[in-house]
Amino acid sequence: MKTINIIGSGNVAYHLIKKIQHSTHFKLMNVAVRSKEKNQEFITNDLMVTSIAALQPVDITIISVSDDAIEHVSEQITYTNSLVVHTSGTTNMQVLSNKNKKGVFYPLQTFSKQKQIDFTKVPLCLETESKDDMLLLKELANELSNNVYEISSEQRKSLHVSAVFVSNFVNHMYTIGNAICDENKVPFEILHPLIEETAQKIQYLSPKEAQTGPAIRRDEKTIKAHEAALTNETFKKIYQLITESIKNV
Ligand SMILES: NC(=O)c1ccc[n+]([C@@H]2O[C@H](COP(=O)([O-])OP(=O)(O)OC[C@H]3O[C@@H](n4cnc5c(N)ncnc54)[C@H](OP(=O)(O)O)[C@@H]3O)[C@@H](O)[C@H]2O)c1
């Protein structure tokens, strides 16, 4: 059986830990965390260590910490010559310490501890320096998910920017929609079916084909009425910028 260490206990690590603990080919040896108390609910005591230096050599080490901490964390690993990967969308593989073989294991999904997820559907974007390391990483990835891709650092960065638009920004649009509903005392839930249908539609139509609304129709009177109704200046600017973008794409 091949062995794994995980460093970090945030949203992504939480889901990886849960999934890898049920693996038949990979054994989770240790999880390096900064606070045992904080993580006792989901990581058993025998797995947790509070010092990265205490980790013993394994086949694959997964660093799943904040992007800015990846480099420093990788330098604290004391063993050498094994495969060490990070899970970041935008961080270059090269920031990892030269002591070990480098790789990326980027799950392209939005993860929160509070929301369970079907990991078999999560696209896993892999990068390594050598073919042998790719084979090893694919062995793990294929056991966890049915969607495994070899993706370069540059491609991964573009996927991540795209993901910010289609997920993080879309979620912020929900926040704005919610605030506008609250201000006018209408339940945001009324919009739920529209949100669902919009997301489902692009499985059948391209986003450009699926676009509806006043901007694509160039209904200027309606656009002006919406702008006048928006009391928040930031929301108004966002409305105007996206309206222009829809007209011009
Ligand atoms: N969440 C997502 O949807 C998502 C999706 C794909 C990829 N990713 C990537 O996955 C990685 C983890 O993201 P996340 O959302 O799981 O982050 P998160 O929930 O904010 O958790 C960050 C983890 O990093 C640890 N950490 C931060 N600074 C550290 C340091 N200096 N030394 C050691 N540990 C440190 C934190 O420890 P404490 O708990 O002690 O603070 C925590 O365990 C990031 O590279 C992110 O870009 C995230």
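The values are calculated or read from the model by the stated rules, or taken from the named source; none is laboratory data. Computed from a predicted model, the values in this text were never measured in an experiment. Here Cβ is always computed from backbone atoms with ideal geometry, including for glycine, and neighbour counts include all displayed protein chains.
Values for this structure:
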| item | result |
| --- | --- |
| Residue match in segment 147-166 (condition: basic (Lys, Arg), closer than 19 Å to Phe111 by Cα and not in a loop (DSSP other than H, G, I, E, B)) | yes |
| Given (1) part of a loop (DSSP other than H, G, I, E, B); (2) of a type outside the set (S, T, N, Q); (3) free of Cβ contacts under 8 Å to residues at least 24 places away in the same chain, index of the condition Lys138 fails | (1) |
| Residue in segment 218-229 that is of a type in the set (Ser, Thr, Tyr) and in a helix (DSSP H, G or I) present | yes |
| Complete set of residues in segment 26-43 that are assigned to a loop (DSSP other than H, G, I, E, B) and either within 12 Å of the ligand (Cβ to nearest atom) or surrounded by 11 or more Cβ atoms within 10 Å (Cβ to Cβ) (or both) | Val33, Arg34, Ser35, Gln40, Phe42, Ile43 |
| Near pairs, Cβ below 9 angstrom, 6+ apart or cross-chain, from segment 92-113 (over 16 Å from Val65 (Cβ atoms) and among the basic types (Lys, Arg)) to any residue that is part of a loop (DSSP other than H, G, I, E, B) and within 12 Å of the ligand (Cβ to nearest atom) | Lys99/Ile77 |
| Given (1) more than 13 Å from the ligand (Cβ to nearest atom); (2) loosely packed, with under 15 Cβ neighbours inside 10 Å; (3) of a type outside the set (Ser, Thr, Tyr), number of the condition Glu75 does not satisfy | (1) |
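A quick yes/no check of all residues on (1) near the ligand (Cβ under 8 Å from one of its atoms); (2) within 21 Å of the chain's Cα centre (by Cα); (3) under 11 Å from Ile7 (Cα atoms); (4) at pLDDT 95 or above:
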site: Met48; (1), (2), (3), (4): no, no, yes, yes
site: Asp68; (1), (2), (3), (4): yes, yes, no, yes
site: Asn81; (1), (2), (3), (4): no, no, no, yes
site: His86; (1), (2), (3), (4): yes, yes, yes, yes
site: Met93; (1), (2), (3), (4): no, yes, no, yes
site: Asn98; (1), (2), (3), (4): no, no, no, yes
site: Val104; (1), (2), (3), (4): no, yes, no, yes
site: Phe119; (1), (2), (3), (4): no, yes, no, yes
